[in-house]
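The values are calculated or read from the model by the stated rules, or taken from the named source; none is laboratory data. Worth saying up front: this structure is predicted, and the values here are computed from it rather than measured. Cβ placement follows ideal geometry from the backbone for every residue including glycine, while neighbour counts extend to all protein chains displayed. Only protein heavy atoms, including side chains, enter the accessible area calculation; ligands, DNA and RNA are left aside. Shrake-Rupley method; radii C 1.70, N 1.55, O 1.52, S 1.80 Å.
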Amino acid sequence: MKEFDIAECGIDKDDAPFIRLKTEEIFFSFLPTEYERNIFRKYKTQLPKNLKEDCIRVAFDISQRYCRENGLGHIPSKSYHVYPGWGFIDLRAYLGFGSIKLSRKVGTNGKVIAVEASPTAYSILLKNIQANQIKNIQAVHAAVQDKNGRFDFFQTEKQNNSIYPNLKDQIHFSKIKQSNAVEVTCKTLDTIIEETQYPIKSLNTLVSFEINGAEFLALKGGKNFLTYC
């Protein structure tokens, strides 16, 4: 939480928790789980005084997804590999924190495609893009795999969302079972590039594959894209 200063936080008219930073960015996320609330209560004295309990998950997301860009230890942040005027395709953009960070780095001559399958996450992704008045991000509501169509998408209250009902936790070596299925549109990477009219021939592009087990399928569905790499 030392990475940013909070100007304001609360709940908006749509019951979405938000944090506005002193640097003017504003971010929306989900209400915290009970586990996250317990963390807030345990470390409340060490947290910023103006951070409200309902906004602790937003703070976590800003720290991990915007400030650190999911970088961890020897893993560099995504923007480390991107330069002004480049393109960035974010497969599983989630709430858009990383896409927004990259949109600022690529600048007005660059372009960002933010792809998210979860209906609830996609709605907040749009909210974050609009609230920050980002002009160079194009959002796509779809899951990514090797074929187009309608398929089941499995969700939890956390972020282990996937086209697969069972995942393996690579840190704790436990199985993650997901039973909350919704039907979503699936598209190949090549289809997404074609439909968004992404200038693949003229932009240097970084693609982020963080799609919980479907990375290989996404690569199979990007054969045309890979010819330009």
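Results for (1) among the polar types (S, T, N, Q); (2) modelled with pLDDT of 95 or more, shown as yes or no for each residue.
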position	(1), (2)
15	no, no
53	no, yes
58	no, yes
64	yes, no
71	no, no
75	no, no
78	no, no
85	no, yes
122	no, yes
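What are the pairs with Cβ atoms under 7 angstrom where one residue, in the stretch 46-57, is on the phi < 0 side of the Ramachandran plot and the other, located anywhere, is in a loop (DSSP other than H, G, I, E, B) and open to solvent by less than 10 Å² (accessible area, probe 1.4 Å)? Sequence gap at least six, or different chains.
Going by the 7 Å Cβ cut-off, the qualifying pairs are 57/29.
Looking only at residues that are among the aromatic types (Phe, Trp, Tyr) and farther than 18 Å from residue 140 by Cα in the stretch 195-229, which one is least open to solvent (accessible area, probe 1.4 Å)?
So, considering only residues that are among the aromatic types (Phe, Trp, Tyr) and farther than 18 Å from residue 140 by Cα, the one least open to solvent (accessible area, probe 1.4 Å) is 228.
Kindly provide the set of residues from the stretch 56-80 that are in a helix (DSSP H, G or I), touching a helix residue (DSSP H, G or I) at 6+ places or on another chain (Cβ under 7 Å) and either more than 17 Å from residue 9 (Cβ to Cβ) or charged (D, E, K, R) (or both), ordered by number.
57, 61, 65, 78, 79, listed by residue number.
Suppose the filter is at pLDDT below 85 and surrounded by 15 or more Cβ atoms within 10 Å (Cβ to Cβ); does residue 161 pass it? Quick ask: steps written out before the conclusion?
Working: at pLDDT below 85: yes; surrounded by 15 or more Cβ atoms within 10 Å (Cβ to Cβ): yes.
Against the criterion (at pLDDT below 85 and surrounded by 15 or more Cβ atoms within 10 Å (Cβ to Cβ)), residue 161 qualifies.
Name the single residue, out of those in the stretch 1-55 being assigned to a helix (DSSP H, G or I) and in contact with a Leu (Cβ under 8 Å, 6 or more places away or on another chain), that is surrounded by the most Cβ atoms within 10 Å (Cβ to Cβ).
40
Can you name the number of the only condition in (1) farther than 22 Å from residue 202 by Cα; (2) modelled with pLDDT of 95 or more that residue 89 fails?
The one condition residue 89 does not meet is (1).
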